Ligand SMILES: Cc1cc2nc3c(=O)[nH]c(=O)nc-3n(C[C@H](O)[C@H](O)[C@H](O)COP(=O)(O)OP(=O)(O)OC[C@H]3O[C@@H](n4cnc5c(N)ncnc54)[C@H](O)[C@@H]3O)c2cc1C
């Protein structure tokens with residue numbers, strides 16, 4: 001992992017920097033590259049604009065590690081209102097939450113209750129409900145949450161990180177239960193005891209993990225794979241595998257983030273590939289934005305350019 005990426009991931013957890021950056025004009029301007037706005041209406045408008053191109057969406061309100069359980073109530077109510085707006089807008093969208101946004105740190109049982117209620121509301125609208133995967137101390141808890149939710153409904157999925165050493169094993173349990181898995185490389189600063197430090201190894205793990213999820217024995221009722229990466233080489237390798245094995249298109253979708261290689265998102269949609277764009281919105285964007293900067297050094301120059309533009 002590069003020094004710059006390490007520094008940005010460290011910065012993502014620093015409260016002092018967060019306070020300052022969130023008030024700084026050129027940083028706020030740069031964030032717009034990755035999100036259509038702070039309000040859910042901005043995200044819904046962006047989703048509606050992508051729909052005619054055949055790109056469906058996933059919505060997520062930025063926020064993590066809330067400090068008081070009562071904030072989880074607001075987050076829960078917010079997502080309930082998002083479901084109503086999604087229905088009105090007639091868009092094919094899914095929602096994605098972070099357990100620590102719904103009170104996992106304060107009370108895991110309460111977090112489960114919020115997730116269960118949201119899942120039931122999602123089911124009524126046939127909307128998929130995703131659990132994001134946060135940093136490694138949350139993996140056991142998030143998987144435990146998922147393993148309680150999945151038997152209740154086929155409308156719930158979980159993100160799994162290819163950079164974690166434990167993932168090969170976790171996937172075996174998930175395959176056995178017919179899980180809906182969003183495969184990602186992983187976005188947090190993790191020690192080498194927990195995550196593979198070499199990018200080439202993570203890329204290989206990513207391919208291997210998706211291949212595992214596309215085998216015949218993973219084809220269980222309701223199971224789904226989201227191939228969530230911007231890595232065009234991996235996307236193409238996996239498309240070749242899918243074609244070779246004649247995998248049913250119902251078993252997978254590709255997913256990318258809003259503002260990152262949108263030309264590729266349109267290209268995939270045009271080629272008839274199912275592609276979803278994850279749109280983030282909200283006021284608490286700092287840690288998420290630092291993680292996006294860390295993924296590509298050129299993004300940092302974009303911020304610097306905005307600084308000089310004023
Ligand atoms: C739909 C979706 C959901 C996600 N959910 C989670 C989650 O729940 N938990 C989690 O830990 N991580 C999540 N991630 C983030 C993921 O873990 C990676 O950090 C991120 O996707 C970058 O890795 P990559 O697979 O795109 O590959 P990389 O090898 O990092 O990137 C491949 C290429 O894509 C381009 N690229 C990648 N990132 C950026 C960027 N920020 N700006 C500009 N160009 C870029 C670059 O050209 C790069 O060469 C999610 C990603 C997606 C797409």
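A few notes on this one:
- Selection from segment 215-230 of residues that are over 17 Å from residue 131 (Cα atoms) and surrounded by fewer than 18 Cβ atoms within 10 Å (Cβ to Cβ): 215, 216, 217, 219, 220, 221, 230
- So residue 250, is it surrounded by fewer than 17 Cβ atoms within 10 Å (Cβ to Cβ), assigned to a loop (DSSP other than H, G, I, E, B) and free of Cβ contacts under 8 Å to residues at least 40 places away in the same chain: no
- Note on segment 234-247: among residues that are part of a helix (DSSP H, G or I) and either away from the ligand (no atom under 16 Å from the Cβ) or at pLDDT below 95 (or both), the one that is surrounded by the most Cβ atoms within 10 Å (Cβ to Cβ) is 242.
- Residue in segment 278-295 that is modelled with the lowest pLDDT, counting only those that are within 8 Å of the ligand (Cβ to nearest atom) and farther than 14 Å from residue 7 by Cβ: 292
- Among (1) closer than 21 Å to residue 137 by Cα; (2) surrounded by 18 or more Cβ atoms within 10 Å (Cβ to Cβ) - the single one residue 173 does not satisfy: (2)
- With respect to the conditions (1) within 30 Å of residue 63 (Cα to Cα); (2) touching a helix residue (DSSP H, G or I) at 6+ places or on another chain (Cβ under 8 Å), residue 278 lacks only one, and its number is (2).
- Lone qualifier among 278, 293 - being closer than 30 Å to residue 74 by Cα and outside any helix (DSSP H, G or I): 278
- Screening segment 185-233 for residues that are away from the ligand (no atom under 15 Å from the Cβ) and not in a loop (DSSP other than H, G, I, E, B) and picking the one that is farthest from residue 267 (Cα to Cα) gives 217.
- For segment 106-139, residues that are more than 15 Å from the ligand (Cβ to nearest atom), within 26 Å of residue 164 (Cα to Cα) and surrounded by fewer than 18 Cβ atoms within 10 Å (Cβ to Cβ) total 4.
The values are calculated or read from the model by the stated rules, or taken from the named source; none is laboratory data. Predicted model, so just to flag it, every value in this text is computed and none were measured. So basically every Cβ, Gly included, is an ideal-geometry build from the backbone, and we count neighbours across all protein chains shown.
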